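Everything below concerns the one structure shown next.
Taken together, the values in this text are just the output of simple stated rules run on the coordinates, not laboratory data. In this text, all values refer to a predicted model and were calculated from it rather than measured experimentally. A quick note on method: Cβ atoms are made from the backbone with ideal geometry, for glycine too, and the neighbour counts reach across all protein chains shown.
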Amino acid sequence: MSLSLNDILFYFLAGVAVLSALGVILQSNPIYCALSLALTMVSVAGLFASLSAWFVAGVQLIVYAGAVLVLFVMVLMLFDTKTEKRAFSKGIVSGFFKIVSAAMIFAIAGGAASMSGDARFSKLTGVVSATQSTKDLADLLFKKYLFSFEAMGALLLFIAIGAVALSRIQGGTHAD
């Protein structure tokens, strides 16, 4: 069995995604966790691109690696990470919740893997072409909900400016 370049790229990106996801839950520094999360999201976008799902890969990069990660970093700017690390990283209760969370993730992944071979889930009904569904979404977003879309963009911008301003004021976590 010979592996093609696409197979090697897929396995490499899958390995990077799994290792960086482990870095998110195993590291105690929240900044390193956010960087590991960014690497996870970019590698997942690469996986979608290697499967020729270009729209999903683009949305993964723009929405998750862009917007969501910026939101996480803005929230981290508001906390004093040294104090928060001491308060939440150690202890029996914290360790218990970490173990329970990991067990739940593995249980969900195992259930999804066992259901993936089920014939009931393999048949698609009412399949619409990707181009048509993307066009319909764009028409709705930029015609019917244009004001809401622009208002949300402005709101996110104001939130980013406010987070930076709050972290820089006297007594803030990043004050000079």
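Give, in nm to one decimal, the length gained when the segment between F158 and N6 is fully stretched (0.36 nm per residue of separation minus the Cα-Cα distance). Kindly include the intermediate steps, with their values, before the conclusion.
Details: separation 152, 0.36 × 152 = 54.72 nm, distance 4.20 nm.
In short, 50.5 nm is gained.
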Along the range 67-76, Karplus-curve 3J(HN,Hα) (6.51, -1.76, 1.60; θ = phi - 60°) to the nearest Hz, with x for Gly and Pro, reads 5, 5, 5, 4, 4, 4, 5, 4, 5, 4
In this structure, the FRET efficiency calculated for S94 and L26 from their beta-carbon separation, with R0 = 22 Å, to the nearest 0.05, is 0.95
Phi-derived 3J(HN,Hα) across the range 99-108 with the Karplus relation (6.51, -1.76, 1.60, θ = phi - 60°), rounded Hz, x for Gly and Pro, is 5, 5, 5, 5, 5, 5, 5, 5, 5, 5
Once both label points are put 7 Å beyond Cα along the C-beta direction, the V18-M104 separation in nm becomes 2.3 nm
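Can you tell me the FRET efficiency between K144 and V56 if r is taken as the Cβ-Cβ distance and R0 is 30 Å, rounded to the nearest 0.05? Don't skip to the end; give the middle numbers.
On the way: r = 23 Å, r/R0 = 0.76.
E(calc), rounded to 0.05, equals 0.85.
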